[in-house]
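Enquirer: Take this structure, written in structure tokens, and hold onto it; I'll ask about it next.
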Amino acid sequence: MKLLPSQGNRTGWLMLAVLFVLILLPLLAVVIQVLFPGIFFGTLKIGDLSLLLDIFRRPLWYASLKNSVLLGLGTTVLATLLGGALAFARSRWAFPTARLLDISVWLLLITPSFILAQGWVMFAAPDGLAAQRLGWDGASALVFQPAGLIAVMTLSKFPLAYLTVKAALQWRVERLSDAARLSGASPWTVLRTVELPLLLPAIASGAMLVFMDTVGDFGLPASIAAVFRFPTLPYSIYSALYTSPIRFDMAGALSFYLVLLIALAMSVQLYAMRKSRFDFLSSRAVESKPRRPARGGSLLALANSAFLAIAIGIPLGSNLLMSLQGDSAGGGFTLDHYRALFQGDSRLAQGLAHSLEIALTAAAIGLVVGFLTAYVLTYTSFRLKKTIDVMSLVSLAVPGIVLGIGYIFIWNQAWLQHIGLLLYGTPWILALGGVAGAIPVITRIMAGAMAQVPERLLAAAQLQGAGFFSRLRTVLAPLVKGALLSAGLTAFGSSVFDLALSSVLYPPNYMTLPVVINKAFEDLRFGYASAATLTGAGLVVLIILSVDLLARGTRRRSRRTTS
């Protein structure tokens, strides 16, 4: 029993148009601005393409490109090695602190990078916690250099490689490894010639995610700018928008190179897997179950605890300690920074309220768009649904700072004012940016849930005369309401702390929580920034947990009523 195709095709075209406007059009605008500078502001002329070559002549531009490439490549190599090694250890061996590793990985993944970077700055600054509390004056020289920044970025990005490789290690075909051992291969030879080549897609995917997330990261350069000069492409793009006069040509040229780096990374991954087959799972595959090591289990637990103390303890612990520390060097603990959050003009309260409003709007709109997109991908035969699938993933790969530039070009047009769509300078442009960022996550969550709902249920409702929206509301939505809740809460949480888009697009006198925190940090008000970070994050987590608990209670009461 199949659904009639007409409604699916109409929904497919609608979602294609929405994704084009939200994601693809802003990226095209960045490229068009380089080719025809001023076209979005009423001036049509052929661009001077030599501007693209200026990146090799202007010291700041060249340093930004070089630093981004260095940071991206260094972090990719180290984070992929670290994440892969930890995934191997976690999949093969059971040790006392293994579960803590999984929890920490997810905590690092959902914590905004600028918060992690700020924690490292507060720890290693010349008058930071390492010098004050531990008497370690060499921390600043160790961290604030290219190698140190690569190490810091590695400790925040390795979860991408860890989760990718660990998922690929869920199933094992032991007969392949056994055959190699029977042929006299050593364990190292088996790992190098059998197991690692079969994991190449996962390793390449993890490395690509690490590279894209690193070169597009705005949080680390924004945070370290207070104590160390290390320009990168995202931060130089941001600087171009806050110079006088505003340099849209510079922002466009630098954005072009940032997108080019990401496209090259994706091309390398596709080339690595182009002529190889990796479908090795068969009926003989067994699920990997960690086993207790014959010896060295305590050493594994100790090493894991020490590693997590550095990766988690330093950035998050530094935020906590700094928020409780007085302004005087070596001062005792105090709650003064928390009291200051809600005194005077209370910029934090305003910024938090604005961020919650934007996140709620972005989550609501994103949930509708992601739900319909997942429906098209799961249940329709729309001929361009592969294009929709790719477009829904693009915003994961493209840095928020580039997407923000594109939004300025698109939504800052004078003619839009006549039809009421001049969104630049209003909170709505932040909400649209949040929707674009939330769509990939929501679509993936909803597509996974919809894959478990048979198409025949919707087709049966259609044969009974139920309309399209009636089928979605009364049949599909109730069956995937758990995924709807998870997707909505995930989009809400991620939208609150989006520093890149907020820094580029926030309207005048409309501060958001990430901007308030970052500006306090730039003014060297470390204690205030830490208190604001922990207060805002704690409130967001409390909201998410409360909604989740309320939804679970409602489901339990509903089940008792029906039974």
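Enquirer: Would you mind ranking 19, 100, 422, 82 by Cβ crowding within 10 Å, fewest neighbours first?
Expert: Going from least to most buried by this count: 100, 422, 82, 19.
Enquirer: Sticking with this structure for a sec: Between residue 167 and residue 548, what FRET efficiency follows from the Cβ-Cβ distance if R0 is 22 Å, with the result rounded to 0.05?
Expert: Taking R0 as 22 Å, the efficiency between residue 167 and residue 548 is 0.35.
Enquirer: Given labels modelled 7 Å from the Cα in the Cβ direction, how far is it in nm from residue 353 to residue 77?
Expert: Those two pseudo-labels are separated by 5.1 nm.
Enquirer: Quick one: P(r) of segment 30-160 from all Cα-Cα pairs, 10 Å bins, percents rounded to integers, in order of increasing distance.
Expert: Spelled out bin by bin, segment 30-160 gives 11, 24, 27, 20, 12, 5, 1 percent.
Enquirer: With each pseudo-label sitting 7 Å past Cα toward Cβ, what's the residue 303-residue 56 distance in nm, one decimal?
Expert: Result: 4.4 nm between the two label points.
Enquirer: Can you tell me the length gained on complete extension of the stretch residue 63 to residue 419, counting 0.36 nm per residue apart and subtracting the Cα distance?
Expert: That pair, residue 63 and residue 419, stretches by 123.9 nm at full extension.
Enquirer: Once fully extended, how much extra length lies between residue 396 and residue 132, figured as 0.36 nm per residue of separation less the alpha-carbon to alpha-carbon distance?
Expert: Between residue 396 and residue 132, full extension yields 91.1 nm more.
Enquirer: Give me, ordered by chain and number, the residues 5 or more places off residue 325 or on other chains with an amide H under 5 Å from its own placed amide H.
Expert: Here the answer is 334, since their amide H atoms fall under 5 Å of that of residue 325.
Enquirer: A follow-up question, please. Quick check: the distance between the Cα centres of segment 355-407 and segment 494-520, to the nearest angstrom?
Expert: 21
Enquirer: If each Cα of segment 446-563 is one equal point scatterer, what is log10 of I(q)/I(0) from the Debye formula at q = 0.10, 0.13 Å⁻¹?
Expert: Log10 of I(q)/I(0), two decimals: -0.53, -0.73.
Enquirer: Which of the residue pairs 385/481; 66/519; 66/166; 157/289; 166/386; 66/157 have a Cα-Cα distance greater than 29 Å in the structure shown?
Expert: 66/166
Bear in mind these aren't lab numbers, they're just calculated from the coordinates by the rules spelled out. Everything quoted here is computed from the prediction, not taken from an experiment. Don't worry about glycine lacking a Cβ; one is built from the backbone with ideal geometry, like all the others, and counts go over all protein chains shown.
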